[in-house]
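Have a look at the structure below before the remarks.
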Amino acid sequence: MRKDWQNLAPAHGLNALVENGTIENLEVKDHVANILETNGVDLNDVEGVIWSHWHFDHTGDPSTFPSSTKLIVGPGFSEVFTPGYPADKNGHCLESDFAGRELQEIDFSGSDVTIGRFKAFDYFRDGSFYILDAPGHTIGHINALARTNASPNPGFIHLGGDSVHHAAEIRPSEYLPLPESIEPSPVPKLHSNACPGHIFAPVLKDGSKTEHILEWQDPWAEFVEPKFGLIYNEKDLRETVRKDEELDANRDIFTFIAHDWSLKGVVDEFPKSLNGWKNKGWKETTRWLYLRDFQAAVV
């Protein structure tokens, strides 16, 4: 997210949400580019900035990067969001986001690569980084899969963006059922070490241990066009969620959701590396921690 969020395009609506109190205490301490430079990254070495989608909390300020850094977006972005504001007074993105730099819109139609059931684009053509077609939340929403460990013990980080907003939207699943015993306990005040899975029965969907608990809804659906809302295509979104579930259950893939607060305090943050996630057991440690958000229903 950009530090000077007040300078976003007026049509984006963030300023209005802050003014009417819908969003409170919004503070961004620094631009992503400055954070990278402070930690020794030469911005001239950054080939591209990838937007999972166009929402304000996922874009930052590409203009703070050299013009040699391309901006990479998902299918359909250019048609809807270019030109940007102020060239288009109703534009939801800023013209400065992509002015003077290459805007690369990923085309999955020419790729026969798949990751699970996701259409994929092998960015470096060496299997180290894939961009995944993950439509539904917004026009052109994309996920990514980054290799952290090579064979014989391969590991990948799945960057899920906003394809889901809470881990309860992908867990439990038919691929990852709620276990009989959960360790570490997501409710340590009630069960200090392991806790029985059945105590979460009140929050399970129809009592199912194989169906995710939450479904994302768009609270603004009646006020804005779908292409500018929180669910652009509900059918595509539900299908993307199912694909997310498959990757999430893979022992060699660690899923990161942009708004998953259950990871905080367990997983190392930049500038530390994520490459040791398998040996550190982060996937197993964090898998069910999100259930603490439902402890009021079981305590």
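Rule-based calculations on the coordinates, nothing more; no lab input. None of these values were measured; they are calculated from a predicted model. We place every Cβ from the backbone using ideal geometry, glycine too, and count neighbours over all the protein chains shown.
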Roughly how many nanometres apart are two label points built 7 Å out from the Cα toward the Cβ at A201 and A296? 2.3
Once both labels are modelled 7 Å past Cα along the beta-carbon direction, what's the R251-W220 spacing in nm? 4.3
Sorting T255, L103, N7 by the position of each Cα along the dipole of the chain (Lys, Arg +1; Asp, Glu -1; all at Cβ), the one nearest the positive end of that ordering is T255
Using 0.36 nm per residue of separation minus the Cα-Cα distance, give me the extension gain between A87 and V18 in nm, one decimal. 22.4 nm
Which loop GluC sites (Glu not before Pro) in segment 210-243, with loop taken from DSSP, have no more than 11 other Cβ atoms within 10 angstrom of their Cβ? E222
Which residues' amide hydrogens lie under 5 Å from the amide hydrogen of I182, considering only partners 5 or more residues apart or on another chain, with H built in the peptide plane? C195, G197
Please compare each pair in K189/K280; K235/K264; K227/K272 to a cut-off of 28 Å on the Cα-Cα distance and tell me which ones are over it. K235/K264; K227/K272
Longest segment of the chain lacking chymotrypsin sites (Phe, Trp or Tyr not before Pro) that sit in a DSSP loop with at most 10 other Cβ atoms within 10 Å: 1-123
Footprinting proxy, T210, T255, T59: sorted fewest to most Cβ within 10 Å, the residues are T210, T59, T255
Report, in degrees rounded to the nearest 10, the 0 to 90 angle that the Cα long axis of helix 234-248 makes with the longest principal axis of the chain. 60
Dipole in debye (nearest 20) - segment 109-169, about Cα centre, beta carbon charges: Lys, Arg +1; Asp, Glu -1: 100
Counting Lys and Arg as +1 and Asp and Glu as -1, each charge on the Cβ, what is the dipole of the chain about the Cα centre in debye, to the nearest 20? 860
What residues have an amide H closer than 5 Å to that of K119, excluding those fewer than 5 places away on the same chain, when H is modeled at 1.01 Å from N in the peptide plane? D133
